[in-house]
């Protein structure tokens, strides 16, 4: 069989989000054969939600051109508080009613396949490790920059789940002890309170009160400011937007350095919507990391963008199913 | 053989410090049969240093009542920059001239035993994991509070060395992004710059300029202020000293929470000279950790003092030698 043909066994990955459920079938080499997305309809609660997850999985198999019989196992990635080992969702902030749901068992029964549960940030990190920006590494940290700051850690080829399923919750490391900003989670001084897209917009709105002359003020007048608008204004040379992006790069570098002095991985990757800001943003993160980290990791740790985009979650979830139930060659 | 009798095989542990070299023979159950200390004489350089390490090892074996033939392997813990996998010391700030020293090979040849090199903070963490405050855990983080803030991480029974021997350098995680204090290492905002004994004294001296009425002013008049004098004044009820200790507990809790949201271990341990401050200091760290961490780790992560004192380093180094060369039952 040539390397370009899909390689069995096949794994179904499902990525549960507050807005959409993404799903796809992935072959043994980590290549997605399909990628579908359906609305989560979070307000309808977990009973309907289980149906929707099941349906998303079926759609992904259909779209892949395979049959159910071809699927060896299923991986589900989910946000929120969970017990990974027990396969329980405990409490999902963006999905009301999903409390104490034995989702691994329920979904496994519905789909009739061996099933694993994984944190969504961990699953995305595993996807990048397997076939994305972390290919060939042994250890990596992935930060996913969007509404919040997601994170996942892979050490020696295994997800660092932690002893209470809280490993790699690095959006909530504390980077500001004194005079901290409040994080959406309720904590203070967390990385997410400084470096998420939401925080970038918040800092922009604060700064505009003092510097109304920025071109961002015009963008703001047209509607709610977005992180994308700020990134674009920075590219056009707007001084305030540049300063805000530079500040964000510094906060992300601070998070990266803390992880380099803790996990010391081969690579630190950044994914999520904010990486649309492009190479100059990445280069600023890199420069600041090199200036702040100890010499050896500063020189040797790869700092790069993630490569799988929005598919990282389901690819990684499928990869976790493969690691648990398959007989991986790597 | 009864459990109270020394259990072969035996391992020699050596803990190289800037001031002293500690060494002891440890049995297969992690019990030290000897514990000796000799001056490092750091100024004499690495050639004399190798002799001193060798001599310290021989003294420890002699003090144990065993012979060289009884020693199965040797573990060396060292501070500074190193390549653990290659067995090289690269640069030791407190030991001038120890640059690019293939210490594992050199010491192994001198002693005629299989030898491993480990970072001293990592070795101490492994010692506490094996037979100290972390007995029975699978994962732990140890902070050693002294002149600096040392650290070591054990995950699933193995030291998290990192890919460039910089794993667990958590005295140098960044806890203050904006308006940071300078760390003795040259970095900014590091945990060590806020929570070491040195930093506690520095913060006290700064505060005394504004509050000369504290009883600490009298202590200061008698000679250089020490962290011990501050802890004692806090116990006696001095308001400034209490505030300084409380602030220190908060900074340590911030470091602990960052590690709980990254590694998510079973236990966070604190060791080193500053734990002489006693139970009230520990309880304040615990209270602040519980208030700041996510609910599940806040409830389940044990926060405690280390138990092996100054012997943790050589016991852990011996334990690392056992893990590498022995056939451990646990």
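Key figures
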quantity: Region B:286-300: number of residues that are within 11 Å of another protein chain (Cβ to nearest Cβ), surrounded by fewer than 18 Cβ atoms within 10 Å (Cβ to Cβ) and within 14 Å of residue B:254 (Cβ to Cβ); calculated: 1
quantity: Answer residue from region B:193-203, given it is more than 13 Å from every other protein chain (Cβ to nearest Cβ) and surrounded by fewer than 21 Cβ atoms within 10 Å (Cβ to Cβ) and is nearest to residue B:152 (Cα to Cα) among those; calculated: B:198
quantity: Among (1) over 19 Å from the mean Cα position of the chain (by Cα); (2) modelled with pLDDT of 95 or more, the one test that residue B:327 misses; calculated: (2)
quantity: Selected residue (criterion: nearest to residue A:120 (Cα to Cα)) from residues of region A:1-26 that are outside any strand (DSSP E or B) and in contact with a helix residue (DSSP H, G or I) (Cβ under 9 Å, 6 or more places away or on another chain); calculated: A:17
quantity: Yes/no for residue A:174 being within 9 Å of chain B (Cβ to nearest Cβ), modelled with pLDDT of 95 or more and under 24 Å from the mean Cα position of the chain (by Cα); calculated: yes
quantity: Single condition residue B:273 does not satisfy, out of (1) closer than 22 Å to residue B:197 by Cβ; (2) within 14 Å of chain A (Cβ to nearest Cβ); calculated: (2)
quantity: Residue list for region A:6-37, restricted to those being under 16 Å from residue A:115 (Cβ atoms) and under 17 Å from the mean Cα position of the chain (by Cα); calculated: A:13, A:14, A:15, A:16, A:21, A:23, A:24
quantity: Filter result for the condition that a residue is more than 14 Å from chain A (Cβ to nearest Cβ), closer than 22 Å to residue B:137 by Cβ and surrounded by fewer than 23 Cβ atoms within 10 Å (Cβ to Cβ), over B:211, B:279, B:218; calculated: B:279
quantity: Region B:117-164, subset surrounded by fewer than 24 Cβ atoms within 10 Å (Cβ to Cβ) and over 22 Å from residue A:153 (Cβ atoms), residue farthest from the other protein chains (Cβ to nearest Cβ); calculated: B:131
quantity: Members of region B:93-111 found to be touching a helix residue (DSSP H, G or I) at 6+ places or on another chain (Cβ under 9 Å) and either under 20 Å from residue B:316 (Cα atoms) or part of a helix (DSSP H, G or I) (or both), listed by number; calculated: B:103, B:106, B:107, B:110, B:111
quantity: Restricting region B:246-256 to residues that are without any contact (Cβ under 8 Å) to a residue 40 or more places away in the chain and either more than 8 Å from chain A (Cβ to nearest Cβ) or touching a strand residue (DSSP E or B) at 6+ places or on another chain (Cβ under 6 Å) (or both), the residue that is surrounded by the fewest Cβ atoms within 10 Å (Cβ to Cβ); calculated: B:246
quantity: Entirely in region A:256-330, the helices (runs of 4 or more DSSP H) that have 3 or more residues that are closer than 22 Å to residue A:234 by Cβ; calculated: A:279-292
quantity: Test for residue B:268: is it under 27 Å from residue B:298 (Cα atoms), surrounded by 23 or more Cβ atoms within 10 Å (Cβ to Cβ), at the interface with another protein chain (Cβ under 9 Å from one of its Cβ atoms) and at pLDDT 95 or above; calculated: no
quantity: The one condition in (1) outside any loop (DSSP other than H, G, I, E, B); (2) in contact with a strand residue (DSSP E or B) (Cβ under 6 Å, 6 or more places away or on another chain) that residue A:134 fails to fulfil; calculated: (1)
quantity: Criterion violated by residue A:206 - all others in (1) part of a loop (DSSP other than H, G, I, E, B); (2) over 18 Å from residue A:256 (Cβ atoms); (3) more than 8 Å from every other protein chain (Cβ to nearest Cβ) satisfied; calculated: (1)
quantity: Scan of region A:38-67 for residues that are within 21 Å of the chain's Cα centre (by Cα), without any contact (Cβ under 8 Å) to a residue 24 or more places away in the chain and either in a loop (DSSP other than H, G, I, E, B) or over 28 Å from residue A:5 (Cα atoms) (or both), ordered by number; calculated: A:39, A:41
quantity: Residue within region B:221-234 that is in contact with a helix residue (DSSP H, G or I) (Cβ under 9 Å, 6 or more places away or on another chain), more than 10 Å from every other protein chain (Cβ to nearest Cβ) and closer than 21 Å to residue B:289 by Cα present; calculated: yes
quantity: Near pairs, Cβ below 7 angstrom, 6+ apart or cross-chain, from region A:178-192 (within 10 Å of chain B (Cβ to nearest Cβ) and within 21 Å of residue B:290 (Cβ to Cβ)) to any residue that is modelled with pLDDT of 95 or more and surrounded by fewer than 16 Cβ atoms within 10 Å (Cβ to Cβ); calculated: A:188/A:182
quantity: Flag for residue A:46 being in contact with a strand residue (DSSP E or B) (Cβ under 6 Å, 6 or more places away or on another chain) and more than 19 Å from residue A:110 (Cβ to Cβ); calculated: no
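To keep it simple, each residue is scored yes or no on (1) modelled with pLDDT of 95 or more; (2) farther than 18 Å from residue B:272 by Cα.
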| position | (1), (2) |
| --- | --- |
| B:153 | yes, no |
| B:182 | yes, yes |
| B:215 | no, yes |
| B:242 | yes, yes |
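Table: residues versus (1) in contact with a helix residue (DSSP H, G or I) (Cβ under 7 Å, 6 or more places away or on another chain); (2) under 19 Å from residue A:117 (Cα atoms).
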| position | (1), (2) |
| --- | --- |
| A:39 | no, no |
| A:43 | no, no |
| A:49 | no, yes |
| A:65 | no, no |
| A:76 | yes, yes |
| A:80 | no, yes |
| A:90 | no, yes |
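The values are calculated or read from the model by the stated rules, or taken from the named source; none is laboratory data. Keep in mind that this is a model prediction, so the values were computed, not measured. As a convention, Cβ positions derive from the backbone with ideal geometry for all residues, glycine included, and neighbour counts pool all protein chains shown.
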